[in-house]
Amino acid sequence: MLSANAAPIGVFDSGYGGLTILKELLTHLPQYDYVYLGDNARNPYGTRSFETVYQFTLEAVRYLFNQGCPLVILACNTASAKALRTIQQQDLPLIDNTRRVLGVIRPSVEQVGLLTKTGHVGVLGTTGTVNSDSYRIEIQKLFPSVRVFQQACPMWVPLVENGEYQAAGADYFIERDLALLFRQSPLIDTIILGCTHYPLLIAKVKRYLPVHVKLLSQGEIVAQSLTDYLQRHEDMAQRCSQFGQRHFLTTDDAQVFNQHATVFLGKSISSQKVTIF
Ligand code: DGL
């Protein structure tokens, strides 16, 4: 439970993936209060329509605002790709224009052009993120000469959500999807893991990658970007409470969430089941 005067930073994901972002936020910005919300009951989002992901994400954002969050991070690429812009442009002015909702795509994109030497970048993500074309659009705004090749990996999130990310079966899908990506361009030298669930698969991903290929994992990037944001937005930094408290919410079974979250965060937590819809 957070204290009554807490104004935590909200971190939202469709399930456990956003914990890979939260882990880095806790390392880089431990002084802030955080409330994590995983919509495990409705995961995965990656195969759902724009309208559905937007509605689910908006419900989560409203819920986190009601918990007192002045700032919400969509620690989910699918939600960032399909819902962020509409929430920022249409919903925030109606709900509360002093609060902010930030995503994970833009900070990741900003790094890409600085790392690639061949100018060929790969993006691995959910079907929803890939079909939205958000990464290509954003990369081409900042780095027009970079070519973007995308591969949807629809089995990777279920492997992680079901705790099967270390199983031999995971190798099959990882090897296959990486082969499909490199078939689009063998010149790819930088890959964005464009889904917050994927860091749990990183050891296996590296097994099937040429050693010179750089892998961008988002936790550190988002933590750095939020640090910069809070430095540039003094008012928001002041509004977010700093008692070092953490609160974990899930829309599904709390005990199951606790077990999985421990693996993601490397420490045990106690969550609470909530209804957000
Ligand atoms: N973790 C989410 C992302 O970053 C998506 C998982 C899902 O399909 O729900 O894209």
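Could you tell me whether any residue of the stretch 11-20 is touching a residue at least 60 places away in the same chain (Cβ under 8 Å), within 15 Å of the ligand (Cβ to nearest atom), part of a helix (DSSP H, G or I) and not basic (Lys, Arg)?
The answer is yes, given that some residue of the stretch 11-20 is touching a residue at least 60 places away in the same chain (Cβ under 8 Å), within 15 Å of the ligand (Cβ to nearest atom), part of a helix (DSSP H, G or I) and not basic (Lys, Arg).
Which residue is surrounded by the most Cβ atoms within 10 Å (Cβ to Cβ), if the candidates are limited to the stretch 132-179 and must be closer than 17 Å to Tyr198 by Cα and touching a strand residue (DSSP E or B) at 6+ places or on another chain (Cβ under 7 Å)?
Once the filter is applied, the top-ranked residue is Cys153.
Checking the condition within 20 Å of the chain's Cα centre (by Cα) and either more than 23 Å from Leu226 (Cβ to Cβ) or exposed (fewer than 14 other Cβ atoms within 10 Å of the Cβ) (or both), which residue from Gly103, Gly119, Gly128 passes?
From the options Gly103, Gly119, Gly128, the qualifying one is Gly128.
Can you name the residue in the stretch 108-136 that is of a type in the set (A, V, I, L, M, F, W, C) and more than 16 Å from the ligand (Cβ to nearest atom) and, of all such residues, is farthest from Ile221 (Cα to Cα)?
The extreme case among them is Val121.
Identify, please: which residue in the stretch 46-69 is modelled with pLDDT of 95 or more and of a type in the set (Val, Ile, Thr) and is, among those, surrounded by the fewest Cβ atoms within 10 Å (Cβ to Cβ)?
Once the filter is applied, the top-ranked residue is Thr52.
Suppose the filter is without any contact (Cβ under 8 Å) to a residue 60 or more places away in the chain, in contact with a helix residue (DSSP H, G or I) (Cβ under 8 Å, 6 or more places away or on another chain), within 30 Å of Lys117 (Cα to Cα) and among the hydrophobic types (A, V, I, L, M, F, W, C); does Leu226 pass it?
Criteria not met by Leu226.
If you take just the helices (runs of 4 or more DSSP H) that sit entirely in the stretch 50-143, which of them hold at least 3 residues that are touching a residue at least 40 places away in the same chain (Cβ under 8 Å), closer than 30 Å to Leu187 by Cα and of a type in the set (Gly, Ala, Ser)?
Answer list for the stretch 50-143: 77-82.
The values are calculated or read from the model by the stated rules, or taken from the named source; none is laboratory data. Just so you know, these numbers come straight off a predicted model, no measurement behind them. No Cβ is skipped: glycine too gets one built from the backbone with ideal geometry, and neighbour counts run over all protein chains shown.
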